[in-house]
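The structure appears below as structure tokens.
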Amino acid sequence: MNGVKVAEIPDIKVDPITLDIIEGALKSTRFEMDATLFRTAMSPVIREQHDEFPMITDPNGRMVVGQFGSYIAEMLETFEEPIREGDVIMTSDPYKCGGAISHVNDWLVCLPIFWDGELIGWASMFGHQMDVGGPLPGSLPTGAKTIFGEGLRIPPVKLFREGKPNKDVFDLILNNVRQPEMNRADLMGIVAGCRTAEKRVHELCQRFGKDTYLAACQALLDRTYNAMAKLIVNAIPEEPQSFEDWIDDDGLGHGPFKMKLTIWREGEHAYFDWSGTDPQAMGPVNFYLSEAMFKMFIGVYLIMVFDPQILFNDGFYPLLHIIIPDGCLLHPKFPSALGCRTHALTRLFDILGGALARRSPEHTTAAGYGTSPYMLYSGWDRDGQFFYLMEISYGGIPGRPIGDGMDGHSWWPLFQNIPTEYLEAYYPVRIDGYTTITDSGGAGFHRGGNGIEKRYVYLEPGEVSIHDDRWLTYPWGILGGKPGRRSEKILVRADGTEERLPSKCDEIRVEPGDMLIYRTAGGGGWKDPLERPIDKVVADVRKGLVSPEKAEFDYGVVIDPKTLQADEAATAALRERLREERGEVRDFDLGPPLEEILARAEEETGLKPPVKPTPLPWAPMESPEEAMRRVREYGDRQMTRTE
């Protein structure tokens, strides 16, 4: 960083009470950043659904508290201007920040925190903007073949220069979006959240002194490093374990796309190798996966499963080594399209869990709905006013060692739904139903969560876009658990005719009275459903979560459909027979073989199966051997920048 004096972290000890106070203050500040943005933002995706991510770092850009991991070094790699107090930097180009953000809708803001002329850290947030220009409202075209066809790409620029707004930059950005008032409110809310963090860090330095504050940040990073080192030894085997799953299609008729992960341990260090993943797609399902982000995902998964008391921060990053071949689906070459990257983003959690389950399936989950479903609706109302709605939907969370999967819940724990009252008050839409889908969760000792069905009735002429996945492959079950049900979309016209829609489509014309039935996938079941307590199966049937037919067929529980009482004698006999017919339970139940799924796709789903993709001639993929040699010799991309 040009012309910046970076504070050195002193080698002093911080007493445990002071450390706990500073840790608690930083945790509270991270949530205060959220609250500041929620009170300021106008878009429902941020204000109601909370699609934003805050971070506070140390002077070296390492995240001390936050969600998605540090990206400061990657963002500043091509930034040549000097950093001054009062500056605010933003970017929206994934290719200019090492994948710190993964599509152009995410606007990332970084604010340097100074104390007595020294850089002592960074405050940063990024949030999803509902529209950033481009050919279609929402800037998420499912037919895009390059990032140029998606929306406005903003390189790292200064929004504020030494505290003064850079009006030319604001004007250029807001002139290229469809709802500039909304974008400006969201952007300024993100800036305000960062300034809130700056203020709180200054207060900690005033109270405890700069040296104590910086030493406490280092102590928190060290504590996470030591805790994760022990967790890695206990949770990750030395012998390599692999797992693979699929993205159904790329929106252009190609697929499925394999994602394969191999994990192993060397001492306290863990390796995560994506070699064997398919080459990048022509369509926008590519996910430019930042190694730093994936390290945080690994940490989140391991910590939540094995030790939830560990603080999320960058302290454990040196223990993890990431191999992602350049040119594969998870590290596409510029200018690949990235708008539908959430399918791979969420699927990697299923694959990570599957790889860990090879040696310790009792401690890991089945597969969830494995995507981030979007519904986009836009047009001009009868008064000539442009409207645009984007809603993120949810699905079935997998069955888990600690209990059933949640019904209709977000895969990212802090996301929320948009209240129906909000949708109907601000947009020309009526919600005719919002329910879980009976039987959509995979059967298990702990059942998978049900997907959801939402029925949108459109009140004005407009166009609809859909982003979803898991319409072809199944959310798998584990240790005898059954797969969850797949997703589907049905458009019921006002005259009663029905049309099956693909999971990824744009510019579907709708008229007043047309209804979209949007069904998301369920989660896979955990362990043998024939061992599930009878009273729990009966309770599920009474709540409408499981039908009497599924209770009998999958759980072996015979229930009187009139009284909803279990026949225990008939149940015992049925369960004994089903065990004999089934034989040994399977570690993983992915449903039928992929070849059979493809052969029966049109018959079962009403949609033509995707065709095998052809590698793109302009994007040759790095070989597994080259990728491994690069990481062994130079470290992964994130480590070479920050360590």
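Okay, here's what the table says:
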item: The chain, helix-only ellipticity at 222 nm - DSSP H runs n ≥ 4, -39,500 (n - 2.57), divided by all residues, nearest 500; result: -9500 deg cm²/dmol
item: Tilt relative to the chain, helix 624-634 - C-alpha long axis, 0 to 90 degrees, to 10; result: 30
item: Average projected area [Cα convex hull, the range 224-368], square nanometres; result: 8.1
item: Magnitude of the charge dipole, the chain, Cβ model with Lys/Arg +1 and Asp/Glu -1, debye to 20; result: 420
item: Inter-label distance for residue 21 and residue 148, nm, one decimal - labels placed 7 Å from Cα along Cα-to-Cβ; result: 5.8
item: Qualifying lysines (Cα of each under 28 Å from Cα of residue 333; at least 8 residues distant if same chain); result: 96, 145, 158, 258, 260, 295, 504, 612
item: All lysines inside 28 Å of residue 562 as judged from Cα atoms, apart from same-chain residues fewer than 8 positions distant; result: 482, 536, 543, 550
item: Linear extension gain, residue 422 paired with residue 12, 0.36 nm per residue minus alpha-carbon span; result: 142.4 nm
item: Coarse-grained scattering of the range 362-519 at q = 0.14, 0.15 Å⁻¹, given as base-10 log I(q)/I(0) from a Debye sum over alpha-carbon atoms; result: -0.69, -0.78
item: Cα-based reach from residue 13 at 21 Å (exclusive), listing lysines while leaving out same-chain residues under 8 positions away; result: 27, 210
item: Equivalent ellipsoid semi-axes, the range 92-232, via Cα gyration tensor eigenvalues times 5, rooted, Å; result: 34, 21, 11
item: Interchain or long-range residues, amide H under 5 Å from residue 119's placed H; result: 5, 6, 7
item: Segments 122-131, 473-482 sorted - mean Cβ within 10 Å per residue, highest first; result: 473-482, 122-131
item: Packing-based ranking, highest mean first, of 60-67, 448-455 given that Cβ atoms within 10 Å are counted; result: 448-455, 60-67
item: Rg in Å to one decimal, and Dmax rounded to a whole Å, for the range 211-258 via C-alpha atoms; result: 20.4, 57
item: Net dipole in debye of the range 1-140 [+1 Lys, Arg Cβ; -1 Asp, Glu Cβ; about Cα centre; nearest 20]; result: 220
item: Förster radius 51 Å - calculated FRET efficiency between residue 500 and residue 166 (Cβ-Cβ, nearest 0.05); result: 0.55
item: Folded to 0 to 90 degrees: helix 342-357 orientation relative to the chain principal axis, Cα; result: 80
item: Loop trypsin sites (Lys or Arg not before Pro), the range 564-635 (other Cβ atoms within 10 Å of the site Cβ: 16 or fewer; DSSP); result: 586, 600
item: Full-extension gain in nm, residue 567 to residue 435, via 0.36 nm per residue minus C-alpha separation; result: 44.6 nm
item: Antiparallel bridges, percent of DSSP beta bridges restricted to the chain (to nearest 5); result: 90
item: FRET efficiency, residue 199 to residue 386 (Cβ-Cβ, R0 30 Å, nearest 0.05); result: 0.20
item: Residue 234 versus residue 175: modelled label distance in nm, points set 7 Å from Cα along the beta carbon direction; result: 5.9
item: Highest-first arrangement of 563-574, 302-313, where packing means the average Cβ count within 10 Å; result: 302-313, 563-574
item: Per-residue HN-Hα couplings for the range 166-178 [Karplus 6.51, -1.76, 1.60; θ = phi - 60°; Hz; x = Gly/Pro]; result: 8, 4, 4, 5, 4, 4, 5, 5, 6, 6, 10, 10, 7
item: Label of the coordinate-derived value, Rg/Rh (Cα atoms, Kirkwood Rh), listed as [x] 0.97; [y] 1.10; [z] 1.23; result: [x]
item: The range 274-287 - phi-based ³J(HN,Hα) in whole Hz, Karplus 6.51/-1.76/1.60, Gly and Pro as x; result: 8, 4, x, 5, 5, x, 4, 8, 6, x, x, 8, 5, 10
item: Difference of contour (0.36 nm per residue) and Cα-Cα distance, residue 595 to residue 242; result: 125.0 nm
item: Among 287, 114, 484 - extreme Cα towards positive end, dipole of the chain, charges at beta-carbon; result: 114
item: Distant-in-sequence amide H partners of residue 67 (H built 1.01 Å from N, under 5 Å); result: none
item: Long-range amide H partners of residue 55 with built H, under 5 Å; result: 124
item: Rounded to 10°, Cα long-axis angle of helix 291-306 versus longest principal axis of the chain; result: 60
item: Two-site label geometry, residue 207 and residue 576: point separation in nm, points 7 Å out along Cα→Cβ; result: 6.7
item: Residues residue 463 and residue 362, FRET efficiency given R0 of 45 Å [Cβ-Cβ distance, rounded to 0.05]; result: 0.40
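Here, each number is a calculation from the coordinates, and none is a lab measurement. Note that the structure is a prediction, hence the values are computed from the model and not measured. Cβ sites come from the backbone with ideal geometry, for glycine too, and all protein chains shown count toward neighbours.
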